[in-house]
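Quick notes on the structure that follows.
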Amino acid sequence: MSKKKDDGKCGMKLQPLGDRVVIRRDESEERTAGGLYLPDSAKNKPARGIVVSIGDGRVLPDGTRTTFSVKEGDRVVFLSYAGDEFKFGDDDLLLMRESDILAVVG
């Protein structure tokens, strides 16, 4: 159902478990609307990104698995403080539950 993310550099695969989703967060703005450059400490982390990989779904009491509302490649909006950040190869990624995703941007 879901594909494993391969970073292409060291051959590692990334497959989230259950109802987890891996997201690559969009880059934060470098400048303000007035043209001022922001240091990293002053930037707000965007609550949007692209789905990189999805798990197999949560196991229900009857033994079946839930289906996902998102798919790999979807642009999504999620809760600001959702998920756990981690580094995978050269990428900074987020691991969160599908329920932390608020909307798919079309």
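What to note about this one:
- Residues that are surrounded by fewer than 14 Cβ atoms within 10 Å (Cβ to Cβ) and either within 11 Å of the chain's Cα centre (by Cα) or of a type outside the set (D, E) (or both) within segment 46-68 comprise V59, L60, P61, G63, T64, T67, listed in sequence order.
- Members of segment 25-57 found to be outside any strand (DSSP E or B) and at pLDDT 90 or above, listed by number: G55, D56, G57
- Within segment 76-90, restricting attention to residues that are farther than 23 Å from V105 by Cβ and not hydrophobic (A, V, I, L, M, F, W, C), the residue that is nearest to the chain's Cα centre (by Cα) is K87.
- Where a residue in segment 63-75 is closer than 16 Å to G106 by Cα and its partner, wherever it lies, is in a loop (DSSP other than H, G, I, E, B) and of a type in the set (S, T, N, Q), with Cβ under 8 Å and at least six apart: E72/S2
The values are calculated or read from the model by the stated rules, or taken from the named source; none is laboratory data. Since the structure is predicted, the reported quantities are computational estimates derived from the model, not experimental observations. Backbone-built Cβ (ideal geometry, glycine too); neighbour counts: all protein chains shown.
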